[in-house]
Amino acid sequence: MDLTESARELTEWQSGVASRQQLLDAGVTQKVIAARLARGRWQQLYRGVYATFTGPVPREAWLWAAVLRAGPGAALSYWTAAELHGLTDAPQDDPASGIHVTVPATRRVRVPGVVIHMSGRVGAATQPNREPPRTTIEETVLDLTQVARTFDQVCGWITRACARRLTTAEKLRTALAARKKLVFREEIADSLAAAGVGVHSVLEYRYLTDVERAHGLPPSLHQVRVVLDGKNAYRDVYYAEFRVAVELDGRFAHPDEDRARDHHRDVVASAEGILTCRYVWEDVNQNPCDTAILQARVLRQRGWQGSPVPCGPDCPVSGRSGRVRRRRRRAVRGRGRRLSSSRG
């Protein structure tokens, strides 16, 4: 009992998955559906949704099944849409796990093992001509900021999306303006401003705000292309007037080949007259004042005529001795704190 031509085209398009209603509309009879399920030639993934093949069910088939079971107007969203857009890298050990679907707010849907979100604007948020249906990269980023618990998470989603060239700060601003209800709007706008000038990570953002701006260092450029040994290279932070580059590395592990490559690049940069300073997460996050003092010394050696300014009464830049109390500034400097009180 072969499938009709339209049914074959449908299942090929949907990774081998189809709903009962789709199969009936494509000319497959109830008898054929029941027979193939009974003989194990097809598998039921959710009620009324079938895999038209035997064996393991891949991730893409499960995603199609979840959307079909959720019904008309449903779209993959949040972390699942981020996965499809290339915003996240973590593979799913269980192909059926961690599926997020947004449905119109007018319907109540339950799908076993699937996280259902409701939205009155899912239609406008769904990316046209992409299958399986998913929210746009801009809507996905904004959705993820709404479930963030820290500023680092908010900033991380925005800067990562721009760094991977999945979208732009301008497109995200347009999506932001279209949303009437949004928590963390101020924090999102601040992150977008940084992403718009080339900040590509949370660590770069912290350097910009907590080291450079907070201590009155000269303004830098971000993700600047320089030519080293005849090849293009990009600097996380670059003080062009003083030929000083800053590389920021938030990785906890540094493979030998990465260290060797970074060292070689720094040597080449030195031969071109560019001095490279490297800072890690602890330098910027835990000791921004000390890092600012050090960076100011480097810049002054390269011709900067200014002086760093204290970020607060207890900042060591002021020259006071004793243990420095690390006070976090409000709003943009309280990066590691929970973004909690303003919800709702």
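Computed from the coordinates by the stated procedures, all read-outs in this text should not be read as laboratory data. Bear in mind the structure is a predicted one, so any value in this text is a computation, not a measurement. Note that we place each Cβ from the backbone using ideal geometry, even for glycine, and neighbour counts take in every protein chain shown.
When His263, His100 are arranged by Cβ crowding within 10 Å, least crowded first, meaning fewest neighbours, the order is His263, His100.
For n ≥ 4 DSSP H runs only, could you compute -39500 (n - 2.57) per run for the chain, divide by its residues and tell me the 222 nm figure to the nearest 500? List each step's numbers first, then the result.
On the way: 14 runs with 133 residues, N = 344.
Helix contribution divided over all residues of the chain: -11000 deg cm²/dmol.
Size check on segment 1-55: the Cα extents along the three principal axes, sorted descending, read 22, 22, 19 Å.
More than 27 angstrom separation, counting every C-alpha pair in the chain; what % is that? Tail of P(r) above 27 Å: 57 percent of Cα pairs. Exposed loop sites are taken as chymotrypsin sites (Phe, Trp or Tyr not before Pro) in a DSSP loop (any state but H, G, I, E or B) with at most 16 other beta carbon atoms within 10 Å; the longest stretch of the chain without one runs 54-251. Screening the chain for whole DSSP H helices with an alpha carbon extent of at least 18 angstrom along the helix axis and a mean Kyte-Doolittle hydropathy of at least -0.5 yields 288-301. With the simple spin-label model, which puts each label point 7 Å out from Cα in the Cβ direction, the Glu241 to Gln44 separation comes to 7.3 nm.
Run the dipole for segment 1-55 about the Cα centre, Lys and Arg Cβ at +1, Asp and Glu Cβ at -1, nothing else charged, and hand back the magnitude in debye, nearest 20. Please report the intermediate quantities before stating the final value.
Working: 7 positive and 5 negative charges, 73 e Å.
Charge dipole of segment 1-55: 340 debye, to the nearest 20.
Straight-line reach from Lys171: taking Cα to Cα under 25 Å and skipping same-chain neighbours fewer than 8 places apart, the lysines in range are Lys180, Lys181. Evaluate E = 1/(1 + (r/R0)^6) for Lys181 and Asn129, where r is the Cβ-Cβ distance and R0 equals 25 Å; express this FRET efficiency to the nearest 0.05. For Lys181 and Asn129, the calculated efficiency is 0.35. Hydrodynamic analysis of segment 164-237 uses the Kirkwood radius over alpha carbon pairs. Inserted into Stokes-Einstein at 37 °C and 0.692 mPa s, it gives a translational diffusion coefficient of 235 µm²/s.
Each other residue within a Cβ distance under 14 Å of Gln305 adds +1 if Lys or Arg and -1 if Asp or Glu, for a net charge of +2. A simple count of charges around Gln223, restricted to other residues whose Cβ falls under 14 Å of its Cβ and scoring Lys, Arg +1 and Asp, Glu -1, yields +2.
Taking the DSSP beta bridges in the chain as the whole, what percent of them are antiparallel, to the nearest 5? Please list the in-between numbers first.
Details: 20 of 33 bridges.
Counting only bridges with both partners in the chain, antiparallel ones make up about 60 percent.
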